[in-house]
Amino acid sequence: MRVYAVGGCVRDRMLGLPVSDRDWVVVGATPEQMIALGYRAVGRDFPVFLHPDTQEEYALARTERKTAPGYRGFAVHADPTVTLEEDLARRDLTINAMAEDETGTVIDPYGGRRDLALRRLRHVTPAFAEDPVRILRLARFAARFHDFCVAPETLALARGIVCSGEADALVPERVWQELSRGLMEARPGRMWTVLRETLLATRLLPELATVIGGLRPSPNGLRIAAEAHLVRALDVAAAYGVGAPVCWAVLLAQLAEFPEAAQRAEALSRRLRVPAHSLDLGRLAAELRQAMGEVDALDAEGRVRLLERLDSVRRPQRLMELLQAFACDHLAFSSGPQDRRTQAGLAELYPPAAVWQAAATVCAEVDAGRVAREFQDAPSPDLGAAIRAAVHAERVRAVAEIG
């Protein structure tokens, strides 16, 4: 029985990066032996055990055989005869297919060390093509290790997966899991680039893929490449450390200039089963980017109606997140690298933000309870509607007063 550290912890140590989680593979053991040693079985699809003290995961060395489409279409074989090299062969990228024994010796049968030195993302074996999730992981790692190139042969293999229809078996939950993680990486714009280069963007995100290839106007009146702008906007969002819902809103805000933007955004989010908060923010970003950017063209009535559409009095955080998304989109027009920054003050970097925040503040100060009490003795066939209209009117007056 031999135990090896594997995967990301070996890769990150060799890159000089912090190692937060460690994965282990056990060669030459049976489930019964692991349980006898105090490990607790937790694996549903293959033998994985938790260490009795550290609670770290230890998986028995295994091989996989493709049996059906999709990432679940595998038969797993794990027994004491499976070698470390066979286990590493089933992994996605060479930089994730290295192991380290108890003496610190690195076992690298597939050239991961060389690919680290060359800053290259490369598949381990042609078995990469058996699991379409690996394309998503490739795109996510490209976003994390943004100074790494993707090997041409790996790009070609990924395109073959998409063209064969194998990627059509991807399940929405797993797609969103990988996409949302990729949006949190250092350069999420590269994730989009790799998804487009592998043709997977067209299959998974057609609402975006069909419009990103054109041009969009910039504040100085010129038109710029929409895809370059999207990549830049996503990277700005990452630089400011915003959450996945805001990043998703940045992505879907790119639909704003096209017909039925909100419907496209919602259709995409629902198909991927995006969590409700991200779905909501993405739809609003697509629907309202144009109107909120042209705040000077709206009178007090128009501004209040838009804020009421956002429910800004009860949900001020939603307005703040939307302004942050639009700030990222606005900042993408500037040049120069984006270093890591804080979210503090991000919304204020969006030129119309001050107007929207001032309007939202005075709307929130309108005492709806006082207005409702004024209707206590007033007969009305629809008292609720009358109160809402009166509250709305007071908000309009308050916004008009601040100009």
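Quick notes
- The angle between the Cα long axis of helix 188-197 and the longest principal axis of the Cα atoms of the chain comes to about 70 degrees, rounded to the nearest 10.
- Distance histogram for the chain (every C-alpha pair counted, 20 angstrom bins, percent rounded to whole numbers): 24, 45, 24, 7, 0
- Rounded to the nearest 20, the size of the Cβ-charge dipole of the chain about its Cα centre is 560 debye, with Lys and Arg at +1 and Asp and Glu at -1.
- Each peptide in 105-113, 11-19, 234-242 was scored by the mean count of other Cβ atoms within 10 Å over its residues; highest first, the order is 234-242, 105-113, 11-19.
- 4 °C / 1.567 mPa s Stokes-Einstein diffusion coefficient of the range 1-110, Kirkwood radius on C-alpha pairs, µm²/s: 90
- Top of A276, A36, A169 by mean-square fluctuation, Gaussian network on the chain, Cα under 10 Å: A36
- Difference of contour (0.36 nm per residue) and Cα-Cα distance, E85 to E102: 4.5 nm
- Here the dipole of the range 231-365 is about 540 debye; that uses its Cα centre as origin and unit charges on the Cβ of Lys and Arg (positive) and Asp and Glu (negative).
- Most fluctuating residue given options F128, F49, F375, as computed from a GNM of the chain linking Cα atoms under 10 Å: F375
- Summing Cβ point charges (Lys, Arg +1; Asp, Glu -1) relative to the Cα centre of the range 1-110 gives a dipole of roughly 380 debye.
- Rough spin-label spacing in nm, given labels placed 7 Å along Cα→Cβ, for E401 and R270: 4.2
- For the range 295-302, 3J(HN,Hα) computed residue by residue from phi via the Karplus equation (6.51, -1.76, 1.60; θ = phi - 60°) reads 4, 5, 7, 9, 7, 4, 4, x Hz, glycine and proline entered as x.
- Helix 383-402 and the longest principal axis of the C-alpha atoms of the chain enclose an angle of approximately 90°.
- Label-reachable residues, the range 122-147, where backbone N falls under 18 Å from a point 7 Å from L17's Cα toward its Cβ: 122-124, 134-147
- Cα centroid separation - the range 117-138 against the range 359-395, whole Å: 59
- Relative to the dominant Cα principal axis of the chain, helix 226-239 is inclined by about 80°.
- Alpha-carbon centroids, the range 279-334 and the range 156-211: separation in whole Å: 28
- Among G345, G302, G369, residue whose mean-square fluctuation peaks in a GNM of the chain (springs only between Cα atoms under 10 Å): G369
Where a number appears in this text, it was derived from the coordinates with a stated rule and is not lab data. Everything quoted here is computed from the prediction, not taken from an experiment. Neighbour counts are summed over all protein chains in view; Cβ atoms, including those assigned to glycine, are modelled from backbone coordinates with ideal geometry.
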